[in-house]
Amino acid sequence: MLWLEREVVASLVSPELDDEGRSVVERYVDESLQSMPDHLRAGVAAESLVFGAWPRLQDALGRYDRRSMDARVERWKTSRFDPVRQYVRLIQSLVVFAEHELAPGMTR
Amino acid sequence: MRSSGASIDTEVLVIGSGAGGAATASTLAAGGRDVTVVEEGPWIDPDAVEPFSLEEMATKYRHRGLAAALGNPAIAFAEGRCVGGSTEINSGLYHRLPETLAESWGKEYAIDEFNARTLDTYAQRIEAELTVSRLPGAPPPSSALLERGATKLGWQAVEYERVFRYDAAGRGVKQTMTRTLLPRAMKAGAKVIPNCRVRRLVRRDGRVIAVRGRRTVNGATEDLTIRADHVFVCAGAIQTPALLQRSGIRAGIGSGLKVHPMIKIAARFPHPLDHGGVPMQVITEFGPNLSIGGSASRRGQIAMALADATSDYRHALEDWEHVSVYYAAIRSEGRGRVVAVPGLRAPVVTYRLTEGDMSRLARGLVHLGEVLLASGATELYPSVADGPIVRGPEGLAAWWDAVTRNRTNLMTVHLTSSVRMGEDRSRTGADSFGRVWGIENLRVGDASLVPDAPGVNPQGTIMAIAARNSDQFLSAT
């Protein structure tokens, strides 16, 4: 997974999941993204690089924080720009499916 | 580890082991031909993984179910990638091709000997071989409520037959290809080679002279060359055109893809529902252009469906045992394309929905909402981003405007028509019996041949056409 994908997963995963559960979900998302057709994975990776450029820069400058990323992901979910919305939707689908199929009991 | 290669000689090679491939292999082996079936995916015992589970997606689905046709909106789709193909992962609902479509397709695409009576003859044979039946007892609550809602509205609803065999206690077992036609083909002498991906067909002088593939045995891969007198490509509506294009065969191949786009609702009820299977009641009031039914509704699928509608879904999910997922599927006017791009392992799939399709999807969503409310649902979560959650009939009108290209989330499991059959060469990729134009010993035998979207589960149509074309092959060669 690329940096932004990992950060979006961290924003979307239920805060009630324990560390093991979060790790299970993250691994599932990673494996699923790797399983996608090459051209779709390349598109998602390109989006990750483009959409992640600004937060990554903030991170490099020491101005990045989790709450601002959480708020950004919430805005992206209902973005009028379809690729942004679909990007979050894809990762969210994988996160919620894994949370409820793989890690339903792994709560804090 | 990879070895330099092996070779196999066979009279008939069938590429793909799903509904079309298994029906072809079984018919030809029973007819005394020397048949070899190759399948890209593994042979997995049908009882080894739970239906619709994440493990099933990981082991039996191509790309773990994460494929999509590009377009506005994109349409997610799923294909099987295992011995038995999509028959191993589908709901097992079965329907013959509607009579009116058989007659109109026969004329529109100039398909010889293609009419409802002929297809019904083959459908009867397939139904007897597979065991197609209705549920012996009362339907489960998730299914019964659809019928109840339809009755209240005065709409027609039917219980679809399923490719299931029931024991005396009423327990049903889905009759997948690994349980039925493939063992029958093997008993008649056919060989099945799993884990073997066909890369291309080698042609000379208008014939396929060899098939190049790569198979995996005990973790080691080896190149495989198969020489066959006749080749049937039965890899499904996406992989079949992709293989033909990779082999340099392009005329009429891949350009007419059709799907049944589905829009969904997660519906919450005051009482708990069953979650192990898929409802078999289907509302046919608006068919064949619009059908309404139920989807797989395990906890993970309910979570995904709820999350499609709103960020604020966790309270509904706490009550997930009271929630189930339903769909409205349309026959689309739009068309798609499958393109094998050099260097890419998977083909690029695109699909363009028309404005009429978008309007039909909105109508389907509203009708689905109507019937779910009539059946007692208290909250409806549509697969539309920020689509308003509806709690009563007065809220449904808002969905007409909500179903837009950039808010609607669609998926499909029915893909057809990418190598249409018929005598009109300008619109087809194969003749009336599936023979690819210009290649003497190459035939297609799967969903690709179906000339248009059937508006019903296509497995019955695919198998009837494959059996018909195989019989023609036996009599002609």
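The values are calculated or read from the model by the stated rules, or taken from the named source; none is laboratory data. As the structure is a computational prediction, the values presented were derived from the model and not from experiment. Cβ: placed from backbone, ideal geometry, glycine included. Neighbour counts: every protein chain shown. Side chains are part of the model used for accessible areas, which takes the heavy atoms of the whole protein and leaves out ligands, DNA and RNA. Shrake-Rupley method; radii C 1.70, N 1.55, O 1.52, S 1.80 Å.
Summary table below
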item: Members of B:LYS60/B:LYS191; B:LYS60/B:LYS187; B:LYS107/B:LYS258; A:LYS77/B:LYS152; B:LYS191/B:LYS258 lying beyond 28 Å, as alpha-carbon distances in this model show; result: A:LYS77/B:LYS152; B:LYS191/B:LYS258
item: Separation of the B:ARG391 and B:LEU344 label points, Cα + 7 Å toward Cβ, nm; result: 4.6 nm
item: Those residues of the stretch A:11-43 for which accessible area with every protein chain present is at least 10 Å² below the isolated value (1.4 Å probe); result: A:LEU12, A:SER14, A:TYR28, A:GLU31, A:SER32, A:SER35, A:MET36, A:PRO37, A:ASP38, A:HIS39, A:LEU40
item: Cubic angstrom per residue, convex hull over Cα atoms of the stretch B:110-196; result: 213 Å³
item: Between 0 and 90°, nearest 10: helix B:299-309 axis offset from chain B longest Cα axis; result: 70 degrees
item: Dipole magnitude of chain A about its Cα centre (Cβ charges: Lys, Arg +1; Asp, Glu -1), debye to nearest 20; result: 540 debye
item: Selection from B:VAL259, B:PRO241, B:VAL217, by position along the positive dipole direction of the stretch B:180-268 (Cβ); result: B:VAL259
item: Residues with amide H under 5 Å from that of B:ARG203, placed H, sequence gap 5 or more; result: B:ILE209
item: Calculated on alpha-carbon atoms, Rg and Dmax of the stretch B:360-477 in Å; result: 21.1, 63
item: Relative compactness, the protein assembly as shown, computed as alpha-carbon Rg over 2.2 N^0.38 Å; result: 0.96
item: Principal-axis tilt of helix B:355-374 within chain B, Cα atoms, nearest 10 degrees; result: 50 degrees
item: Nearest-0.05 FRET efficiency for B:THR404 and A:LEU2, computed from C-beta distance (R0 35 Å); result: 0.70
item: Residue-averaged beta-carbon neighbours from other chains (10 angstrom radius) around B:295-303; result: 4
item: Span-like helix ranges in chain A, DSSP H, alpha carbon extent 27 angstrom or more, Kyte mean at least -1.0; result: A:82-101
item: DSSP-defined antiparallel bridges as percent of all bridges, the protein assembly as shown, nearest 5; result: 70 percent
item: Relative contact order, percent, chain B [alpha-carbon distance under 8 Å, six or more residues apart]; result: 23 percent
item: Loop-located trypsin sites (Lys or Arg not before Pro) in the stretch B:299-372, at most 12 other Cβ atoms within 10 Å (DSSP); result: B:ARG345
item: Pairwise centroid distance, computed over Cα atoms, of the stretch A:27-81 with the stretch B:215-292, Å; result: 30 Å
item: GluC sites (Glu not before Pro) within the stretch B:77-149, DSSP loop, no more than 14 other Cβ atoms inside 10 Å; result: B:GLU113
item: Contact surface B-A: accessible area buried, both sides summed, square angstrom, 1.4 angstrom probe; result: 2700 Å²
item: Gyration tensor verdict on chain B (Cα atoms; rounded if a/c is under 1.5, prolate if a/b is larger than b/c, oblate otherwise); result: prolate
item: Peptide-level mean, for A:90-100, of C-beta atoms on other protein chains within 10 Å; result: 6
item: 0 to 90° range, to nearest 10: angle between helix B:116-130 axis and chain B longest Cα axis; result: 90 degrees
item: Net charge dipole size for chain B [Lys, Arg +1 and Asp, Glu -1 on Cβ; Debye, nearest 20]; result: 1360 debye
item: For the stretch B:1-123: span of alpha carbons on each principal axis (Å, largest first); result: 52, 45, 31
item: Those GluC sites (Glu not before Pro) in the stretch A:1-100 that DSSP places in a loop and that have at most 12 other beta carbons within 10 Å; result: A:GLU16
item: Debye-sum result for the stretch B:180-273 in log10 I(q)/I(0), which assumes one identical scatterer on each alpha carbon, at q = 0.24 Å⁻¹; result: -1.32
item: Length-normalised contact order of the stretch A:3-101 in % [C-alpha pairs under 8 Å, at least 6 apart]; result: 48 percent
item: Accessible surface of the protein assembly as shown, 1.4 Å probe, proportion on carbon and sulfur as whole %; result: 50 percent
item: Debye-sum result for the stretch A:3-101 in log10 I(q)/I(0), which assumes one identical scatterer on each alpha carbon, at q = 0.25 Å⁻¹; result: -1.47
